[in-house]
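Participant: Encoded as structure tokens, here's the structure I'll be asking about.
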């Protein structure tokens, strides 16, 4: 999980569970590291933080000690259990890893389904641009795609998905972000939307039909400087 995702998850837990969430933060990987600075952002007092964090730490250590004592006593009563655990350790690890992968695939599927349902129609985007609404548009096409068609949507920012991490600071967090590409079913836009959510940018919507549909409808386009095909090819090779 990307670090900004931990931040977003921790903030959500603070909003949902309140300050008492700190007691259980130690039991959540990643979140336990983010909880102290997020608590500071929420204005939690130093004394209250030490109290709740101390209770959580005590519970965490107590759980480990109790579990160790229990399984230690079990092994003392029957040493064969240790050999049995050794035999099935590989299977247990495989099951755990498989479960983790399946959980991530399921979460990805849910997010992709939600993104597909949130796609923005070109006509709606056109209406909002004409009304002067503040919409931030990102063109995700590869530079080679701009060689025969050096146009972008009005006011769009062009950045390839490979360079998105380096330009994430240029994308606002407080505006709706519209992504478009030229691939079928807006696959690149959907994957990029998931990446932006990992950076903590939530309000992201792919453009239905992408650049091709916008152009087919005859909506206005903004010319850009012609792309050097040799430089673009070198970028692709790199």
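Participant: What fraction of the DSSP beta bridges in the range 118-237 is antiparallel, stated in percent and rounded to the nearest 5?
Facilitator: 15
Participant: Give me the log10 of I(q) over I(0) for the range 118-237 at q = 0.09 Å⁻¹, as the Debye formula computes it from C-alpha points; what are the numbers?
Facilitator: Log10 of I(q)/I(0), two decimals: -0.23.
Participant: State the extension gain, in nm to one decimal, for the chain segment bounded by residue 124 and residue 215, taking 0.36 nm per residue of separation less the distance between their alpha-carbons.
Facilitator: Roughly 31.3 nm would be gained on extension.
Participant: If packing is taken as the mean number of other Cβ atoms within 10 Å per residue, what is the order of 93-101, 130-138, highest first?
Facilitator: 130-138, 93-101
Participant: Within 10 Å, count the other beta carbons around each residue, average over each peptide in 190-196, 166-172, 154-160, and list them highest first. Don't skip to the answer; put the middle values down first.
Facilitator: Numbers: 190-196: 20.6, 166-172: 12.4, 154-160: 16.3.
So the order, starting with the most tightly packed, is 190-196, 154-160, 166-172.
The numbers here are math on the coordinates, done by the rules we state, and not lab data. Computed from a predicted structure; not experimentally measured. Here the Cβ is made from the backbone with ideal geometry for all residues, glycine too, and neighbour counts use every protein chain on show.
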